[in-house]
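I have placed the structure first, in the form of structure tokens, so that the comments after it can refer back to it.
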Amino acid sequence: EIGGAKIGIIGQSFPFTSTANPKKFTEGWSFALRHESLQEYVNMLRKEKGVDAIVVLSHDGFSVDQELAKKVTGVDFILSGHTHDPSPEPIIVNDTVILISGSHGKYISRLDLEIKNKKVVDYSFKLMPVASNLIPADKVGTELVEKWYKPYNAELNEVLGTTKGLLYKRDTFYSTFDSLIGMAIEDEMKSDINFNPGYRWGTTVLPGDPILKDNVYEMTAITYPEVYTFDLKGEVIFKLMEDIADNVFNANPLLQHGGDM
């Protein structure tokens, strides 16, 4: 309850969590799109709890949420996540307003609701870029980060090299940091081909900048960082690549996993 209004909030998990992670991470849990059960929660909040507005906090991905809004009625707003898209304008599907605000603190967004007679009559949304060189650092925040970094600073600030080009992670098909890590894995493991997961985060290193060990950890310190080697037939590699492409580009948005290739 805020400002005299009653807001219903529903959380929606990434539907492909169990296939995108090692099974040991999701033991005893199940995941799926489940728009039918989402509809049940929406109905319950409306009828039993008498809410004035319903907001879904979603980790489905931007495309999936747009399809979801076609199948579920009664949701006023979906705050979308997972695919890391920034959209300055809302996407409206049926009567549901879908908003997505980027990732990694690049933006902060504000949503204001005007509610009268137990329903949303108006709203305003603003997506604001965070320009770190224009906004003074928060002293308490800086001290907190420095406190926890201090024991590891010597290791994390070790310079491994200097980049001639832009090292970045985010792209649908290719990124220079993925390529660099891939070449390092091939060199170390003496492999002919390498695959690494198409997740969408990591700091960009500008041309001429030192590559710190911290930059490498930012790219590789994930919850399943192990490197495995296999002998694979060409037919298996072909099927593997087709499966990855299907996860990213499936014509049915509800089956898109939201990663990069």
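The values are calculated or read from the model by the stated rules, or taken from the named source; none is laboratory data. Please read these numbers as outputs of a predicted model, since none were measured by experiment. Neighbour counts are summed over all protein chains in view; Cβ atoms, including those assigned to glycine, are modelled from backbone coordinates with ideal geometry. Calculation scope for accessible area: heavy atoms of the full protein, side chains included, ligands and nucleic acids excluded. Shrake-Rupley method; radii C 1.70, N 1.55, O 1.52, S 1.80 Å.
Keeping the other protein chains in place, figure out the carbon and sulfur percent of the accessible area of the chain, with a 1.4 Å probe.
56
Taking the Cβ-Cβ separation of Thr73 and His104 as r and a Förster radius of 35 Å, what is the calculated FRET efficiency to the nearest 0.05?
Efficiency, from the Cβ-Cβ distance: 0.60.
In terms of modelled amide H atoms, which long-range or inter-chain residues lie less than 5 Å from the amide H of Ile98?
Ile78, Ile91, Ile92, Val93
Under a cut-off of 12 Å between alpha-carbon atoms, report the aspartates and glutamates in cross-link reach of Lys147, not counting same-chain residues fewer than 8 places apart.
Straight-line reach from Lys147, under 12 Å: no aspartates and glutamates qualify.
Solvent-accessible area per residue for the stretch 7-132 at a 1.4 Å probe radius, Å²?
Working: 7170 Å² over 126 residues.
It amounts to 57 Å² per residue over the stretch 7-132.
Stokes-Einstein D for the chain at 37 °C, 0.692 mPa s, Kirkwood Rh over Cα pairs, in µm²/s?
In µm²/s, the coefficient is 152.
Between the stretch 55-95 and the stretch 33-52, how far is it from one alpha carbon centroid to the other, in angstrom?
Between the Cα centres of the stretch 55-95 and the stretch 33-52 lies a distance of 16 Å.
With a 1.4 Å probe and all protein chains left in place, how much accessible area per residue does the stretch 139-249 have, in Å²?
74
Grab the DSSP H runs of the chain that are 4 residues or longer, score each as -39,500 (n - 2.57), total them, divide by all residues and round the 222 nm result to the nearest 500 deg cm²/dmol.
Helix-only estimate at 222 nm: -9000 deg cm²/dmol.
5 Å is the cut-off here: which amide hydrogens, built 1.01 Å from N in the peptide plane, fall below it relative to Ile211, excluding neighbours closer than 5 in sequence?
Leu160, Gly161, Thr162, Thr163
What list of ³J(HN,Hα) couplings, whole Hz, do you get for the stretch 24-29 from phi and the Karplus terms 6.51, -1.76, 1.60, once you set θ to phi - 60° and write x for glycine and proline?
Running phi through 6.51 cos²θ - 1.76 cosθ + 1.60 with θ = phi - 60° gives 5, 6, 10, 4, x, 10 Hz.
Any chance you could run the full-extension gain for Ala32 through Phe238? It's 0.36 nm times the residue separation minus the Cα-Cα distance, nm to one decimal. Write out the running numbers ahead of the final one.
Details: separation 206, 0.36 × 206 = 74.16 nm, distance 2.70 nm.
So the chain would gain 71.5 nm between Ala32 and Phe238.
FRET efficiency for Lys190 and Leu144, Cβ-Cβ distance as r, R0 = 45 Å, nearest 0.05?
Details: r = 43 Å, r/R0 = 0.96.
Working from the Cβ atoms, E equals 0.55.
Nearest 5 is fine: what % of DSSP beta bridges in the chain come out antiparallel, could you say?
Roughly 60 percent of the DSSP beta bridges within the chain come out antiparallel.
Pop the C-beta distance of Asn133 and Ala154 into the FRET formula with R0 = 22 Å and round what comes out to the nearest 0.05.
0.25
Give a residue-ordered list of calculated ³J(HN,Hα) values for the stretch 5-15 (Karplus: 6.51 cos²θ - 1.76 cosθ + 1.60, θ = phi - 60°; whole Hz; x for Gly, Pro).
Along the stretch 5-15, the couplings run 10, 10, 10, x, 10, 10, x, 10, 6, 4, x Hz.
Rank Leu111, Leu68, Leu33 by mean-square fluctuation in a GNM of the chain with C-alpha springs under 10 angstrom and give only the top-ranked residue.
Answer for the Gaussian network model of the chain: Leu111.
What is the sum of charges, Lys and Arg at +1 and Asp and Glu at -1, for the other residues whose Cβ falls under 13 Å from the Cβ of Tyr224? Each step should come with its number before you reach the end.
On the way: positive: Lys23, Lys24; negative: Glu226.
Value of the local net charge: +1.
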